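Notes follow once the structure below has been shown.
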Amino acid sequence: MLILAIDTSAVASAALVSDDAPEGVVACFSTEDKRSHAEVLAPGIHQMLAGAGVTGQDIDALVVGVGPGPFTGLRSGIATARTLSFVWGKPLHGLISLDAVALEVAESTSAAPEFLVVTDARRKEVYWARYSLAAGQLPVLEDGPHVGFAADLPDLPAYGAGAGLYADALRANPDFAGEQPDALYLGQFALARLAAGNGLLDSTPLYLRESDAQVPGPRKRAL
């Protein structure tokens, strides 16, 4: 199975993963810029597909990170995934973006049996979820995702850029202090879940709070 994975919950990233490729990786790209998702995502996907010699008809399914994440960035990835799914006539699945970091933690030597994945939610808050991990198994979501203050989170090992940002309040793992959700791990997580016969989500976004942008009210007429 060949999957195109997309995530824009933090940075913009995309990946081609396949159960026929070494370590599942066909191609990938990401950008560290957190504010130009709409400008870089479509060209990045186009160049990645061209470089891999892949067309939309070669892809079996798409997977998109549904957040949590900031409204504008998250919407860019989901809208792109929905458009490509419609144009190519391919199924679209969703996954919690924090799952990508959880899988990366599970594949490391520093994984704890129970841990938090924490990303920056701005406004001095974080997005977070609690996972459990058994040897040789995929991480299991036990609680979340939520948005809140770092000081209010459970006292567990914490992984991700949000943990690094609030290391004074969390048990942040220094090896993952800058880690953001990445489409490569999201795609690998999707492949593993589908291979195990487990279902995925739909593409409904997990905003968790209202957009920072406000619709202006009606203008008052000058007298």
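The values are calculated or read from the model by the stated rules, or taken from the named source; none is laboratory data. Everything quoted here is computed from the prediction, not taken from an experiment. Here the Cβ is made from the backbone with ideal geometry for all residues, glycine too, and neighbour counts use every protein chain on show. Accessible surface is based on the protein model in full, side chains and every heavy atom, while ligands, DNA and RNA are left aside. Shrake-Rupley method; radii C 1.70, N 1.55, O 1.52, S 1.80 Å.
Data table
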quantity: One residue from Gly77, Gly67 being under 15 Å from Pro181 (Cα atoms), open to solvent by less than 10 Å² (accessible area, probe 1.4 Å) and in contact with a Pro (Cβ under 6 Å, 6 or more places away or on another chain); calculated: Gly67
quantity: Among residues of segment 146-179, those that are in contact with a helix residue (DSSP H, G or I) (Cβ under 6 Å, 6 or more places away or on another chain) and buried (at least 19 other Cβ atoms within 10 Å of the Cβ), counted; calculated: 6
quantity: Residue match in segment 119-131 (condition: in a loop (DSSP other than H, G, I, E, B) and either among the charged types (D, E, K, R) or surrounded by fewer than 22 Cβ atoms within 10 Å (Cβ to Cβ) (or both)); calculated: yes
quantity: Some residue of segment 168-178 being more than 30 Å from Ala42 (Cα to Cα), in contact (Cβ under 8 Å) with a residue 60 or more places away in the chain and more than 14 Å from the chain's Cα centre (by Cα); calculated: yes
quantity: Cβ pairs under 6 Å, 6+ apart, first in segment 92-117 and surrounded by fewer than 24 Cβ atoms within 10 Å (Cβ to Cβ), second among the basic types (Lys, Arg) and assigned to a helix (DSSP H, G or I); calculated: none
quantity: Condition met for Glu142 (surrounded by fewer than 16 Cβ atoms within 10 Å (Cβ to Cβ) and not polar (S, T, N, Q)); calculated: yes
